[in-house]
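**Q** Before I ask anything, here is the structure I am working with.
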Amino acid sequence: MTYCGRFAPSPTGLLHFGSLVAAVGSWLCARHADGRWLLRMEDIDPPREAPGSAQAILAALPAFGLVADAPPLFQSQRRDAYDAAFEQLRAADRVFPCWCSRAQLAAEGGMHRDGRCIAPPEPDRPPAWRLRVPDVTIAFDDALQGPQRQNLRDEAGDFVIRRVEGYYAYQLACVVDDAFQGVTEVVRGNDLLDSTPRQIWLQQCLGLPTPAYRHLPLALDARGHKLSKSDQAHPLDSAEPLPALRRALAFLDVHTAAGAHSPAALLGAALEHFDPARLPHLAARAL
Ligand code: GLU
C-alpha cells in the first residue's frame, strides 16, 4: 500500500511554529516513504475561524517548500459525507440526542456515560448528538510516544459528534476524511494523542481502516505553554521562510546542510539524512 500522509490545519489563525513542525514532520515522513502528502483544511467550526486564515495558511505552505500532491480538501464542503457517517451511526443505534447544559454536565463530573442524557428532552430545541461509548479499552502503538491505552468510558465518556449548532465535531470529520483521503499514517502534534483512541473507536464503529499514528513533540513557549495559532505568539514570516524552517527541522532533530538557500533545497537536504525512527521520542519540547 502506498504511504499517504497529511497536514490538517484548522483556520483559527495564521501558520505558527507549532503547525509548521507538524507540516514539516508529516511532509518528511511522506517523502521519505516515497508516498503522497495531502492537505486538509479543517474549516468545520465557523465561530472559531479567523477570516482569511485558511487562504493565508494555504499560501504560506509553498513558501516554506511544502507542496501537496493534490488540491486541499476543505471540510466545509464535506457535509454530505459527515451526514452519511452520522446516519450510519444513528441506524446502528450508536448515537443519542443530548440536551444537557454545561452546568448539568459539570454536576455529573463533566462527562456523559452509559448512553443516556441526564437532562429531559426538549423537543423545541435542537440537541447535540453523542456517541454511546461502552466500557472499551483502546490500545495502539504510537511510533514516537510508544504503547498507549485508554479506557474510553472512563476517560472520554459519551463524546459529542454533532454539536447543537449542527456542526460536526472534529473527531467525526477527522476520521471520515482520513479514510476518504486514504491516509495510512497520521503525523501530528502530541496534543492530539488523547483524541486518537476516540478516533480509533469511531473508525471501528464506521468500519473504516485505522492508520498508523506518529505524534510529534509539542512545541512549548518559554513559560511551558503550548504555542497556539489563536494567541498569535509566534506567527511566521513567509517572506523570510528559512530561519523558521531551520528551527522546525532542528526542533525535530533533523540534520540539515548549512548551505541551502531555498526552502526546497533545505528540505531536500534534510530528506537525505532523514530517518523517521530518529524523530524525538518526547511528549513536548521547549523552543
Ligand atoms: N486541525 C487540527 C489542528 O489544527 C489537527 C487535526 C489533526 O491533525 O488530526 O490542531
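**Q** Counting only residues that are in a loop (DSSP other than H, G, I, E, B) and free of Cβ contacts under 8 Å to residues at least 60 places away in the same chain, which one in the stretch 37-60 is surrounded by the most Cβ atoms within 10 Å (Cβ to Cβ)?
**A** So, considering only residues that are in a loop (DSSP other than H, G, I, E, B) and free of Cβ contacts under 8 Å to residues at least 60 places away in the same chain, the one surrounded by the most Cβ atoms within 10 Å (Cβ to Cβ) is Asp43.
**Q** Counting only residues that are open to solvent by 80 Å² or more (accessible area, probe 1.4 Å) and assigned to a helix (DSSP H, G or I), which one in the stretch 74-105 is nearest to Arg125 (Cα to Cα)?
**A** Arg102
**Q** Let me ask something else about it. Would you confirm, using the coordinates I've provided, whether Arg214 is open to solvent by 10 Å² or more (accessible area, probe 1.4 Å), of a type in the set (Lys, Arg), more than 10 Å from the ligand (Cβ to nearest atom) and under 23 Å from Trp99 (Cα atoms)?
**A** no
**Q** Could you check, for the stretch 131-150, whether at least one of its residues is closer than 28 Å to Pro46 by Cα and open to solvent by 20 Å² or more (accessible area, probe 1.4 Å)?
**A** yes
**Q** Hey, another quick one. Where the second residue is open to solvent by 50 Å² or more (accessible area, probe 1.4 Å) and in a helix (DSSP H, G or I) and the first is farther than 17 Å from Gly115 by Cβ and modelled with pLDDT of 95 or more and lies in the stretch 81-95, which pairs have Cβ atoms under 8 Å and are six or more apart or on separate chains?
**A** Filtered contacts from the stretch 81-95: Ala81/Phe180.
**Q** Take the residues in the stretch 1-19 that are open to solvent by less than 20 Å² (accessible area, probe 1.4 Å) and farther than 16 Å from Asp191 by Cα, then tell me which one is farthest from the ligand (Cβ to nearest atom).
**A** Here the residue is Cys4.
**Q** Kindly evaluate Phe64 against the criterion of being buried (at least 23 other Cβ atoms within 10 Å of the Cβ), in contact (Cβ under 8 Å) with a residue 60 or more places away in the chain and away from the ligand (no atom under 12 Å from the Cβ).
**A** yes
**Q** Leu28: more than 9 Å from the ligand (Cβ to nearest atom), within 14 Å of Arg214 (Cα to Cα) and either of a type outside the set (S, T, N, Q) or without any contact (Cβ under 8 Å) to a residue 60 or more places away in the chain (or both), yes or no?
**A** For Leu28, the condition - more than 9 Å from the ligand (Cβ to nearest atom), within 14 Å of Arg214 (Cα to Cα) and either of a type outside the set (S, T, N, Q) or without any contact (Cβ under 8 Å) to a residue 60 or more places away in the chain (or both) - is met.
**Q** Ok, one more. Which one of Asp221, Asp231 is of a type in the set (Asp, Glu), modelled with pLDDT under 95, surrounded by 14 or more Cβ atoms within 10 Å (Cβ to Cβ) and under 26 Å from Leu58 (Cα atoms)?
**A** Asp221
**Q** From the residues in the stretch 170-187 that are within 12 Å of the ligand (Cβ to nearest atom) and not in a helix (DSSP H, G or I), which one is surrounded by the fewest Cβ atoms within 10 Å (Cβ to Cβ)?
**A** Here the answer is Gln181.
**Q** Please go through the stretch 251-287 and pick out each residue that is among the small types (Gly, Ala, Ser), farther than 23 Å from Ala222 by Cβ and not in a helix (DSSP H, G or I).
**A** Across the stretch 251-287, the qualifying residues are Ala257, Ala258, Gly259, Ala260, Ser262.
**Q** Here's something else I'd like to know. Quick check on Asp34: is it within 11 Å of the ligand (Cβ to nearest atom), without any contact (Cβ under 8 Å) to a residue 40 or more places away in the chain and not aromatic (Phe, Trp, Tyr)?
**A** No: the conditions fail for Asp34.
**Q** Look at the stretch 235-282 and say how many of its residues are within 17 Å of Leu61 (Cβ to Cβ), open to solvent by 20 Å² or more (accessible area, probe 1.4 Å) and either of a type in the set (Gly, Ala, Ser) or touching a Leu at 6+ places or on another chain (Cβ under 6 Å) (or both).
**A** Result for the stretch 235-282: 9.
The values are calculated or read from the model by the stated rules, or taken from the named source; none is laboratory data. Since we're looking at a predicted model, the values are computed, not measured. FYI the Cβ positions are ideal-geometry reconstructions off the backbone, even for glycines, and counts take in every protein chain you see. Protein only, heavy atoms only, side chains kept; ligands, DNA and RNA dropped before computing areas. Shrake-Rupley method; radii C 1.70, N 1.55, O 1.52, S 1.80 Å.
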